[in-house]
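Only one structure is covered here, and it is reproduced in the block below.
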Amino acid sequence: MKNIVLLGSTGSIGRQTLSVVRKCGMKVLALSANSNIDLLEQQLREFKPRLVAVMQPDAAKELRERTRDIEYQLVTGIDGLCEAAALEGADVVLNSVVGMIGLRPTLAAIAAGNDVALANKETLVAGGDLVMAAAKKAGVQILPVDSEHSAIFQSLLAAPRNRALNKIILTASGGPFFGRSRAELRDVTVAQALKHPNWSMGAKITIDSATLMNKGLEVIEAVHLFGVSPDSIEVVVHRESILHSAVEFDDGAVIGQLGAPDMSIPIQFALTYPDRFDSPSKRLSLTDVGQMTFYKPDMETFRCLRVCIDAIKAGGLRPAAANGANEQAVALFLSGKIKFLQIAELVEAAAESQPAAEVKCIDDVLNADAAARQFVLDSI
């Protein structure tokens, strides 16, 4: 089986990835975490990687003190994360870190010739032009881990060689506030926004789901992953999260991927592609589901989705600005410093303040990201 590097091993996707790795008997070459060394120590002792990257220096120092009985290489900071991503002998690097921090290690993995299983959507949202060009040049595969993009990827496997694709149907759960008006969202709390109806995820991505920013980011991601225009992507709210996404071909045929809301399926497929193996995931019973519903998204109430679509249409550095502003705004919301509806307002203003300049290098992306974050902070 494959040799795996797992970035973000203590997060939700990271933990589920290790469950897949454990079942499939894969070898873990490297793990990384931000600061959760209690869990990281457990993972280190079980999977015995040869390298561990810890973002926070103090946490790294404590981990070393706790694990002097184990032989492994410990690296720190963003340089350590990139070293893990570029580790020799890796068959695939699964990047599940949260936020813009995932861009540099993705590029490091590609430069080393390592295939990337991508759960860090910000990598493509902010630096998609750079990442896809680098992957093409290096002959490296970018394999989607998000359930929606995995569904599109799996559906496209049925495409003919000329790939007569008409459109992508990108499904969204609608989050916890589906059907509510802006007036009803004015005073929602952090706790209410963190109650996702179908998925168990980290705080940042759960808030993104509540604002529909997550779906906007996924539109941008799909443009880069599948080489399509934003106009050929239709976002559809599907409350049951059974149809994970679909594609429509020129002859009118629609092919989609269905399954229970369980991230182990797309994670495992990204790691084992092109093969499929038995999975412990819950099996789908359509008769138990009974019915599936579909709605158009409300992009007036949930403006983040519209902002992202406008940003990818403008191109250049506009998506990086939208993403950076959102990360900053979500952090402010989670800390109680702004209200829920202010997230979209700040993201929209920050994106519009960024000229749609061409992305020439990673510094362009990082500078646009930093400027958008500062714009948000200055605005409040």
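The values are calculated or read from the model by the stated rules, or taken from the named source; none is laboratory data. From a predicted model like this one, the values you see are computed outputs, not experimental measurements. As a convention, Cβ positions derive from the backbone with ideal geometry for all residues, glycine included, and neighbour counts pool all protein chains shown. Ligands, DNA and RNA are stripped out before the accessible areas are found, and what is left, the full protein with its side chains, is counted by its heavy atoms. Shrake-Rupley method; radii C 1.70, N 1.55, O 1.52, S 1.80 Å.
Averaging the Cα positions of each part gives two centres, and for the range 261-330 and the range 152-230 these lie 4 Å apart. Measuring nothing but alpha carbons in the range 324-380 and taking Rh as the Kirkwood radius, the Rg to Rh ratio lands at 1.01. Ranking 127, 311, 92 by Cα position along the charge dipole of the chain, where only Lys, Arg, Asp and Glu carry charges on their C-beta atoms, puts 92 farthest toward the positive end. Please list, by residue number, every one of the GluC sites (Glu not before Pro) in the range 66-157 that is coil in DSSP and has at most 10 other beta-carbon atoms within 10 Å. Sparse-neighbourhood loop GluC sites (Glu not before Pro): 71, 88.
Cross-link partners for residue 204 among the lysines, with Cα-Cα distance under 18 Å and sequence neighbours closer than 8 places in the same chain left out: 121, 195, 215, 337, 339.
Taking only Cα atoms of the range 295-360, what ratio of Rg to Rh do you get with Rh as the Kirkwood inverse-distance radius? Rg divided by Rh gives 1.01. The figure for residue 379 is an accessible area of roughly 60 square angstrom, using a 1.4 Å probe on the protein chains alone. For the range 168-251, the Cβ-based charge dipole about the Cα centre amounts to some 620 debye (Lys, Arg positive; Asp, Glu negative; other atoms uncharged). Tell me the label only: which of (i) 36, 23, 19; (ii) 33, 27, 19; (iii) 30, 26, 21 is semi-axes √(5λ) of the Cα gyration tensor in Å as calculated from this structure? Matching entry in (i) 36, 23, 19; (ii) 33, 27, 19; (iii) 30, 26, 21: (iii).
So if I place +1 on the C-beta of Lys and Arg and -1 on the C-beta of Asp and Glu, and nothing else carries charge, what would the dipole magnitude of the chain be about its Cα centre? I want it in debye, nearest 20. Could you put the intermediate results ahead of the total?
Working: 38 positive and 44 negative charges, 116 e Å.
Magnitude of the dipole: close to 560 debye.
Computed over protein heavy atoms with a 1.4 angstrom probe, the accessible surface ordering of 361, 24, largest first, is 361, 24. Rolling a 1.4 Å probe over the protein heavy atoms gives the chain an accessible area of 42 Å² per residue. The Cα atoms of the range 1-105 cover 33, 32, 26 Å along the three principal axes, with the biggest extent listed first. Taking Cα centre as origin and charging only the Cβ of basic (Lys, Arg, +1) and acidic (Asp, Glu, -1) residues, the dipole magnitude of the range 74-197 rounds to 600 debye. Once each part is reduced to its C-alpha centroid, what is the distance from the range 72-120 to the range 356-379 in angstrom? Between the Cα centre of the range 72-120 and that of the range 356-379, the gap is 22 Å.
The residue among 19, 170, 156 whose Cα reaches farthest toward the positive pole of the charge dipole of the chain, with charges on the beta-carbon of Lys, Arg, Asp and Glu, is 19. Charge tally around residue 292: other residues with Cβ under 14 Å, Lys/Arg +1 each, Asp/Glu -1 each, net -1.
Considering only the other residues whose Cβ falls under 9 Å of the Cβ of residue 340, what net charge follows from Lys and Arg at +1 and Asp and Glu at -1?
Numbers: positive: 186, 339; negative: 187.
Computed value for this residue: +1.
Rolling a 1.4 Å probe over the protein heavy atoms of the chain, with every protein chain left in place, gives an accessible area that is 49 percent carbon and sulfur. Look at the dipole of the chain built from charges on Cβ: of 247, 30, 281, the Cα furthest out on the positive end belongs to 281. Full extension of the chain segment joining residue 240 with residue 291 gains 17.5 nm, where the gain is 0.36 nm per residue of separation less the Cα-Cα distance. Taking every protein chain into account, the 1.4 Å probe leaves residue 303 with about 70 Å² of accessible area, to the nearest ten.
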